[in-house]
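Undergrad: Can you keep this structure in mind? I'll have questions shortly.
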């Protein structure tokens with residue numbers, strides 16, 4: 001399992017993989033698929049259908065606090081406008097950090113994927129303006145307005161609701177990132193088959209886990225064991241993990257996948273391809289470190305799995 005706390009580099013690497021393998025337009029096609037306002041993917045459309053422009057405030061109140069963003073939001077229903085000012089985006093910010101730490105480059109048009117939110121607000125007749133000034137240092141802003149009401153002026157007055165947060169105010173833990181990875185696996189698997197899904201996940205593993213690979217080559221299976229422990233620690237699901245490690249063998253058993261549990265709890269369909277975000281990643285990790293990997297069992301319904309590594 002790729003933790004929701006590690007989703008952002010997986011996101012960027014998928015965009016880069018599609019661009020390099022199938023061309024830039026394929027990235028746009030994937031974004032349209034991912035943000036398709038059907039209600040089963042990115043859930044903004046459900047909020048705006050129910051609450052109108054207030055749904056923007058409600059939706060981003062949840063996601064940006066869970067992502068520990070540094071932001072200010074404004075809502076003036078009377079004047080028909082909502083504004084989100086991202087002082088520091090945790091997604092782009094994390095990618096810029098990783099570029100410095102391990103040399104992984106963010107997808108060159110990474111921030112453009114957020115423009116795909118406009119398809120949701122357009123369903124109820126709202127307009128969407130995305131200001132990309134500042135994206136090179138992880139800043140941007142969005143203005144969403146009702147053309148039947150908005151007079152073109154953004155005035156903060158007594159009718160304006162304001163939410164301001166610093167990154168330090170919240171813990172970074174956004175479980176719904178599992179949904180986007182699930183849909184990414186579905187897209188690649190259904191459209192291009194298992195070998196392309198494998199190629200993407202091998203790319204992700206080699207690029208993002210490069211320090212872990214270096215450490216495991218030096219220190220052995222214990223480095224991989226600690227990485228797996230950390231994944232479930234970050235997911236607040238240490239209770240589902242049983243792990244036994246010796247010098248020559250690492251055995252892992254997961255009684256229930258926290259990502260699969262979240263997908264079921266939020267009414268999503270778990271892709272038949274989702275299991276490979278564990279299997280192909282662990283296989284790629286073993287290959288890169290000179291170990292052998294075996295997936296012993298996997299339960300589609302719960303994501304329960306057992307697998308082992310050997311020297």
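Readers should treat all values here as calculations from the given coordinates under stated rules, not as data from a laboratory. From a predicted model like this one, the values you see are computed outputs, not experimental measurements. With ideal geometry, Cβ positions are generated from the backbone for all residues, glycine too; neighbour counts draw on all protein chains shown.
Undergrad: Neighbouring Cβ atoms within 10 Å as the yardstick, rank 179, 58 fewest first.
TA: By the 10 Å Cβ count, ascending, the order reads 58, 179.
Undergrad: For a test of the definition: using alpha carbon positions, the gyration tensor, and the 1.5 limit on a/c, classify the range 44-166 as rounded, prolate or oblate.
TA: Prolate is the answer for the range 44-166, as a/c is 1.5 or above and a/b outweighs b/c.
Undergrad: Output the relative contact order of the chain, whole-number percent, from Cα pairs under 8 angstrom with separation of 6+ residues.
TA: 20 percent
Undergrad: Mind checking which of 148, 92, 127 has the largest fluctuation in a GNM of the chain, springs on alpha carbons under 10 Å?
TA: Of the options given, 148 has the highest mean-square fluctuation.
Undergrad: Work out, step by step, the length gained on full extension between residue 248 and residue 137: first 0.36 nm times the residue separation, then minus their alpha carbon distance; give nm to one decimal.
TA: 35.5 nm
Undergrad: If you don't mind, another one. Ranked by Cβ crowding within 10 angstrom, fewest neighbours first, how are 231, 133 ordered?
TA: With the sparsest Cβ surroundings first, the list reads 133, 231.
Undergrad: Continuing with the same structure: With contacts defined as alpha carbon pairs under 8 Å and 6 or more residues apart, what's the relative contact order of the range 177-310 in percent?
TA: The normalised contact order for the range 177-310 reaches 29 percent.
Undergrad: Output the peptides 23-30, 6-13 sorted from most to least packed, where packing is the average of other Cβ atoms within 10 Å over each peptide's residues.
TA: 6-13, 23-30
Undergrad: Given Cα pairs under 8 Å that are at least 6 residues apart, what percent is the relative contact order of the range 44-166?
TA: Relative CO of the range 44-166 lands at 33 percent.
Undergrad: Now for a different question. Among 175, 94, 108, which one shows the highest mean-square fluctuation when the chain is modelled as a Gaussian network with alpha-carbon springs under 10 Å?
TA: 108
Undergrad: So if I take the centroid of the Cα atoms in the range 1-41 and the same for the range 282-311, what is the distance between those two points in Å?
TA: Going from one Cα centre to the other spans 25 Å.
Undergrad: Return the FRET efficiency for the residue pair residue 173, residue 54: r is the Cβ-Cβ distance, R0 is 25 Å, and the value is rounded to the nearest 0.05.
TA: 0.50
Undergrad: Using only the alpha-carbon atoms, how far is helix 210-219 inclined from the longest principal axis of the chain? Give it as 0 to 90 degrees, nearest 10.
TA: 20 degrees
Undergrad: Per DSSP H run of at least 4 residues, take -39500 (n - 2.57); add these up for the chain, divide by its residues and hand me the 222 nm value, nearest 500 deg cm²/dmol.
TA: Roughly -14000 deg cm²/dmol at 222 nm, from the helical runs in the chain.
Undergrad: Test of understanding: ordering 308, 178, 137 by Cβ neighbours within 10 Å, fewest first, what list do you get?
TA: Fewest to most other Cβ atoms nearby, the residues stand as 137, 308, 178.
Undergrad: Between residue 158 and residue 287, 0.36 nm times their residue separation minus their Cα-Cα distance comes to what?
TA: Taking 0.36 nm per residue and subtracting the Cα distance, the gain is 40.4 nm.
Undergrad: So if I average 1/r over every pair of distinct C-alpha atoms in the chain and take the inverse, what Kirkwood radius in Å does that give?
TA: 20.7 Å
Undergrad: Related question: Mind running the shape call on the range 177-310? Use the C-alpha gyration tensor, a ≥ b ≥ c as the square roots of the eigenvalues: rounded below 1.5 for a/c, prolate if a/b tops b/c, oblate otherwise.
TA: In terms of gyration-tensor shape, oblate.
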